[in-house]
Amino acid sequence: MTDSTQPGQGWHARLAELGIRLPAVAAPVAAYVPAVRSGSLVFTSGQLPFVDGGLRRTGKVGGSVDVEAAAADAKLCALNALAAVDGLVGLDSVARIVRVVGYVASVEGFTGQPRVVNGASELLGRIFGEAGQHARSAVGVAELPLGAPVEVELTVELL
C-alpha cells in the first residue's frame, strides 16, 4: 500500500505491511468505555501505554523516563487507541485521523512534550499517510492515572 491508497481501503493490510499488530482493546480502569461514535466521528478515551494488561513503565518524563522511552510509550498509546476504534467500528471504516491529544506526566521544567507526542503522530502518519495528518495538542501534566508517563486520545473521522 502506498500513500496513494484511499482512506478505508485496507488499513489492516497497511498495518501488516508495516509489521504492526494491534493489541487487544485495553480494559477500562474506571467508569468509561474505550471509544464512542457520534455521527461520523469516533472519540477514544485516553489510552495508556498498556502491554498485556499492565503499564509498560511508570514515572515522569524528564525524570525517571527519558524522551525516547516516552515517545515509544506514546506510540503504544496510539496503537491502543486504534484498537479501541477497531473494536467499535472497524479500522477499515476510518477516513482520517482528525485530532490527537497527548498528555505527558512531566517533571517541573520539562518542556519537550511535543517530542514525546511525536511518537504517536509519526506512527499515525506511517500507517495512514496523508489521512494521518491531524491537529494536535501536547500537554504537560503533574500526574496521570496509575503513574503512567503518557496518555493519548484520538478523534477519527469515518467514511
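Every number here is computed from the coordinates shown, using simple stated rules; none is lab data. For clarity, every value in this text was computed on a predicted model and none was experimentally measured. With ideal geometry, Cβ positions are generated from the backbone for all residues, glycine too; neighbour counts draw on all protein chains shown.
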Margin query: Below 13 angstrom from the Cβ of residue 143, what's the summed charge of the other residues (Lys, Arg +1; Asp, Glu -1)?
Written below: -1
Checklist line | Per residue Cα convex hull volume in Å³ - calculated over the chain | finding: 97
Check: Want the number for residue 64 to residue 98: 0.36 nm per residue separation, take away the alpha-carbon distance, what's left?
Finding: 9.1 nm
Note to self: Please check: in the Gaussian network model of the chain (C-alpha springs, under 10 Å), which one of 50, 128, 110 has the largest mean-square fluctuation.
What the structure shows: 110
Check: Hey, what angle do you get for helix 113-128 against the long axis of the chain, alpha-carbon based, 0 to 90 degrees rounded to 10?
Finding: 20
Item checked: Estimated inter-spin distance, residue 41 and residue 24, nm [label 7 Å along Cα→Cβ] -> 3.1
Check: Once the other residues with Cβ under 9 Å from the Cβ of residue 134 are scored (Lys, Arg +1; Asp, Glu -1), what is the net sum?
Finding: +3
Next item on the list: Would you tally the net charge around residue 66, using a Cβ to Cβ cut-off of less than 14 Å, leaving residue 66 out, and scoring K and R as +1, D and E as -1?
Entry: +2
Notebook entry, point to check: For residue 136, which sequence-distant residues (separation of 5 or more, or a different chain) have an amide H within less than 5 Å of its own amide H, given hydrogens modelled in the peptide plane?
Noted result: 100
Notebook entry, point to check: Using 7 Å Cα-to-Cβ label points, what is the residue 126/residue 111 separation (nm, one decimal)?
Noted result: 2.9
Next item on the list: Specify the residue with the greatest mean-square fluctuation among 52, 73, 92, computed from a Gaussian network of the chain linking alpha-carbon atoms under 10 Å apart.
Entry: 52
Margin query: Based on the alpha carbons, how large is the Rg to Rh ratio for segment 10-88 when Rh follows Kirkwood?
Written below: 1.00
Next item on the list: Step through the residues of segment 24-30 one at a time and calculate ³J(HN,Hα) from phi using the Karplus curve (6.51 cos²θ - 1.76 cosθ + 1.60, θ = phi - 60°), rounding each to whole Hz and writing x for Gly and Pro.
Entry: 5, 4, 5, 5, x, 9, 7
Next item on the list: Note the per residue figure in Å³ for the convex hull of the C-alpha positions in segment 73-133.
Entry: 78
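For 155, 58, what ranking results if the residue with the fewest other Cβ atoms within 10 Å of its Cβ goes first?
Details: 155 19, 58 14.
Sorted ascending by nearby Cβ count, the order is 58, 155.
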Item checked: Max mean-square fluctuation residue, GNM over the chain, Cα-Cα springs under 10 Å, options 54, 87, 46 -> 54
Check: Just how far, in whole angstrom, is segment 71-100 from segment 8-48 if you go by their alpha carbon centroids?
Finding: 4
